[in-house]
1. Yes or no: ALA49 open to solvent by less than 50 Å² (accessible area, probe 1.4 Å), over 29 Å from GLN13 (Cβ atoms) and assigned to a strand (DSSP E or B)?
2. For the range 95-115, name all the residues that are under 22 Å from GLN81 (Cβ atoms) and among the hydrophobic types (A, V, I, L, M, F, W, C).
3. What's the total number of residues in the range 5-19 that are closer than 11 Å to TYR79 by Cβ and part of a strand (DSSP E or B)?
4. Do any residues in the range 1-23 that are open to solvent by 60 Å² or more (accessible area, probe 1.4 Å) have Cβ atoms under 8 Å from those of residues that are of a type in the set (Lys, Arg), where the two are at least six apart or on different chains, and which pairs are they?
5. Kindly provide the set of residues from the range 65-106 that are among the small types (Gly, Ala, Ser) and touching a Leu at 6+ places or on another chain (Cβ under 7 Å), ordered by number.
6. With more than 18 Å from VAL33 (Cα to Cα), of a type in the set (Ser, Thr, Tyr) and free of Cβ contacts under 8 Å to residues at least 60 places away in the same chain as the only criterion, which of SER56, SER62 stands out?
7. Any idea how many residues of the range 63-117 are surrounded by 14 or more Cβ atoms within 10 Å (Cβ to Cβ), hydroxyl-bearing (Ser, Thr, Tyr) and either at pLDDT below 95 or not in a loop (DSSP other than H, G, I, E, B) (or both)?
Amino acid sequence: QVQLVESGGGSVQPGGSLRLSCEASRNIFSIYVMGWYRQAPGKQRELVADITSGGSTKYADSVKGRFTISRDKRKNTVYLQISSLKPEDTAVYYCKAEELPGSNDYWGQGTQVTVSS
């Protein structure tokens, strides 16, 4: 099992930046895929970015060039640097761990990001 704790959300103005953190209870380099998802009110949860155990990354088209996923092995933490924020980025951001291909997924509790002027 993997426990995940997100932090770093908040309220920012359009164009602002935040860094979200997801601390895992075990070595993240042994987890198949770590990802960030978001869910806006009335919308389905969607993938924002993910990173495999080998370091490959993937981004949603809507965030390419603005968001960056990274990880720190020593801290067992995955980060999501979010920049040039837009009101449509407002959502609860969740961290997910897929331990093995096709295995159970583990989710954090989410962190709220609100972008408004």
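1. On the way: open to solvent by less than 50 Å² (accessible area, probe 1.4 Å): yes; over 29 Å from GLN13 (Cβ atoms): no; assigned to a strand (DSSP E or B): yes.
So ALA49 does not fit the description; no.
2. Of the range 95-115, the ones under 22 Å from GLN81 (Cβ atoms) are 95-98, 107-115.
Selection gives CYS95, ALA97, TRP107, VAL113, VAL115.
3. So in the range 5-19, the residues closer than 11 Å to TYR79 by Cβ come out as 6-8, 18-19.
Those left that are additionally part of a strand (DSSP E or B): 6-7, 18-19.
Count: 4.
4. PRO14/LYS86; GLU23/LYS75
5. The initial filter retains those residues of the range 65-106 that are among the small types (Gly, Ala, Ser), namely 65, 70, 83-84, 91, 97, 102-103.
Residue satisfying the conditions is ALA97 alone.
6. Working: SER56 fails: more than 18 Å from VAL33 (Cα to Cα).
On inspection, the qualifying residue turns out to be SER62.
7. 9
The values are calculated or read from the model by the stated rules, or taken from the named source; none is laboratory data. Model, not experiment: these values are computed from the prediction. Because the Cβ atoms are built from the backbone with ideal geometry, glycine has one as well, and the counts that use them run over all protein chains shown. Just so you know, the surface numbers come from the protein's heavy atoms only, side chains and all, with ligands and any DNA or RNA stripped out. Shrake-Rupley method; radii C 1.70, N 1.55, O 1.52, S 1.80 Å.
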